[in-house]
Amino acid sequence: MTTIITLVILVSIKIVLVDADGNDCIIRDNDPIENCCNLGFGHSKFSSVVNKPKVYDMKNFCGNCQSTLTKVYCDTLTAGGGWTVIQRRQDGSVDFKQRGWVEYEEGFGDLTGEFWYGLRSIHCLTSNGRWELRIDFNFTNGTQSFLHYNQFSVGPAENQYLLSISGFDSVELSDPFSTYGSMNGMKFSSHDRDNDLWSRNCAQHRGGWWHRSCGEIMLNNDYNYSYTVKINRQYYALPFVEIKIRPLNCDQ
């Protein structure tokens, strides 16, 4: 009689991240994701059940191994997936306009409904590597469109969450971040912290945003407000808008 012995060896797979100081961060296979790109990019191996937008646990890294566990809403479908959603407006159930600095900093709302992810978390994500930005939206007539930028990041709290945005490539649409005085390089403003260039405070009238002088895009304004975004020389209300970001090399 021949006895066959099967030897099973369990191997713990790990991903090693190296921070700015050269220290290793170990993320084991059962740990929360680093960002939504970890879920894969356009791979057919994901089933129709898995390959749906949903809320995941995520570790928020800020350039070093110090992280805090947070929740994140991942869009795994749009343009190949890998997107971390940082804002959504869809029904007016959450007030975005009358929010103070701390609320914009920490975030508010419901990840499965309307929400603002929070400046601190957005900075945490975009401080590592290069990120792209996509804004999906619906017009009041039901048609859909989007804006896309190849570079997006938000600075730290000490710089008032300064905006860095460039690389607009939506050919059929004008760029609302730059057509009436560029918002690139602007600090964030809220009704209780005025960082814009207007003689008064744009955020008191248009909600917290990277205002220059109450310009052509203000996605934290009153819900479905007629002066939400100016595209191709015309202002529009947006009954649905979703802002999302992902690492620029997510598809590699």
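Descriptive notes on the structure:
- The residues of region 215-242 that are surrounded by fewer than 21 Cβ atoms within 10 Å (Cβ to Cβ), free of Cβ contacts under 8 Å to residues at least 24 places away in the same chain and in a loop (DSSP other than H, G, I, E, B), listed by number, are Tyr225, Ser226, Tyr227.
- Lone unmet requirement of (1) open to solvent by 10 Å² or more (accessible area, probe 1.4 Å); (2) touching a Cys at 6+ places or on another chain (Cβ under 8 Å) for Gly81: (1)
- Being part of a loop (DSSP other than H, G, I, E, B) and open to solvent by 60 Å² or more (accessible area, probe 1.4 Å) is a property that Asn141 has.
- The one condition from (1) farther than 20 Å from Tyr56 by Cβ; (2) under 11 Å from the mean Cα position of the chain (by Cα) that Trp101 does not meet is (2).
- Of the candidates His148, His191, His205, His211, the single residue that is open to solvent by 40 Å² or more (accessible area, probe 1.4 Å) and free of Cβ contacts under 8 Å to residues at least 40 places away in the same chain is His205.
- Each residue in region 115-137 was checked for being more than 12 Å from the chain's Cα centre (by Cα) and surrounded by 21 or more Cβ atoms within 10 Å (Cβ to Cβ), and 1 pass.
- Counted residues, region 221-252 - those being within 27 Å of Thr76 (Cβ to Cβ) and of a type in the set (Phe, Trp, Tyr): 2
- Among the residues of region 141-200, those identified as among the aliphatic types (A, V, I, L, M) and more than 16 Å from Val229 (Cα to Cα) are Val154, Ala157, Leu162, Leu163, Ile165, Val171, Met186, Leu197.
The values are calculated or read from the model by the stated rules, or taken from the named source; none is laboratory data. On a predicted model such as this, the values are computed, not experimentally measured, just so you know. All Cβ positions, glycine included, derive from the backbone under ideal geometry; neighbour counts span all protein chains shown. Surface areas here come from the heavy atoms of the whole protein model, side chains and all, with no ligands, DNA or RNA. Shrake-Rupley method; radii C 1.70, N 1.55, O 1.52, S 1.80 Å.
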